[in-house]
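Chemist: To start, I am sharing the structure in question, which I have written as structure tokens.
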Amino acid sequence: KRIAEGRMLDGDDSVLTRYFEILRQIDRRCVGIVDFRWKGTASPLYFRCGSTDLLNFAQIFIHTEYAFDLRWQPTRILDLGAYIGYAAVYFANRFPSASLICVEPSSDSFRMLTLNTSAYRNIRCVNAAIWSSTGEIKFARNSPGDWGMHVDQNDADGIVVKAISLRDVLKL
């Protein structure tokens, strides 16, 4: 069926809650990538066991943090720091006529982003970091984890990543 205003319209909430609890158990006990279905999405979603992926999923699809009211239908949505694509999938289903551009610098998260969004023709993914200019930047190796990285151009062991300016993203 569909998602409207960020709330599940069909399905028993207790069933969805139990299903999510099973996913959390799999997340804690297994290694690898798991696919699952969720009401209101066009194709399976994926998460990496032992990561923060399911926490991000819960923010978007269970706690509906993006279910705010809009007085218009957006035609273009930018997801800057798209992580693994759950927000993009949510917005693609909520606003099917909008085009989405997802920018994600982490190569591991970008692979998951492309996997989670591959069924959506209105989503385009870019493996880069948003920066003041297009080029390269360096992320510190000791960044805090799945949801965050910080730039440190002086870190000799830093991870070099393609950077793209917002102006260049908007040209896409």
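Chemist: In a GNM of the chain with a 10 Å cut-off on Cα contacts, which of Phe20, Phe91, Phe36 has the highest mean-square fluctuation?
Modeler: Largest GNM mean-square fluctuation: Phe36.
Chemist: With the full set of protein chains in place, find how many percent of the accessible area of region 36-172 is carbon and sulfur; take the probe as 1.4 Å.
Modeler: Heavy-atom surface of region 36-172 belonging to carbon and sulfur, 1.4 Å probe: 49 percent.
Chemist: Do the sum for the chain: with -39,500 (n - 2.57) for every DSSP H run of n ≥ 4, divided by all residues, what is the mean residue ellipticity at 222 nm, to the nearest 500 deg cm²/dmol?
Modeler: Taking each H run of at least 4 residues, the total per residue is -8000 deg cm²/dmol.
Chemist: Compute a Gaussian network model of the chain, connecting alpha carbons closer than 10 Å, and tell me which residue from Asp12, Asp79, Asp108 fluctuates the most.
Modeler: Asp12
Chemist: I need the Debye-formula profile for the chain: one equal scatterer per C-alpha, no solvent, reported as log10 I(q)/I(0) at q = 0.09, 0.10, 0.19 1/Å, two decimals.
Modeler: -0.34, -0.41, -1.29
Chemist: Same structure, new question: Mind ordering 156-168, 92-104 by average Cβ neighbours within 10 Å, highest first?
Modeler: Per-residue mean Cβ counts within 10 Å order the peptides as 92-104, 156-168.
Chemist: Test of understanding: in a Gaussian network model of the chain with alpha carbons linked when under 10 Å, which of Leu78, Leu55, Leu70 would top the mean-square fluctuation ranking?
Modeler: Answer for the Gaussian network model of the chain: Leu70.
Chemist: While we're on this one: Could you state the number of Å between the C-alpha centres of region 56-76 and region 151-172?
Modeler: With region 151-172 and region 56-76 each reduced to a Cα centre, they are spaced 27 Å.
Chemist: Sticking with this one: Send over the semi-axes of region 76-163's equivalent ellipsoid, whole angstrom and largest first, taken as the square roots of 5 times the C-alpha gyration tensor eigenvalues.
Modeler: Gyration-tensor ellipsoid for region 76-163: 26, 13, 9 Å.
The values are calculated or read from the model by the stated rules, or taken from the named source; none is laboratory data. Not measured: the values here are computed from a predicted model. Note that each Cβ is placed from the backbone with ideal geometry, even for glycine, and that neighbours are counted across all protein chains shown. Note: accessible area is taken over every heavy atom of the protein model, side chains too, but ligands, DNA and RNA are not part of it. Shrake-Rupley method; radii C 1.70, N 1.55, O 1.52, S 1.80 Å.
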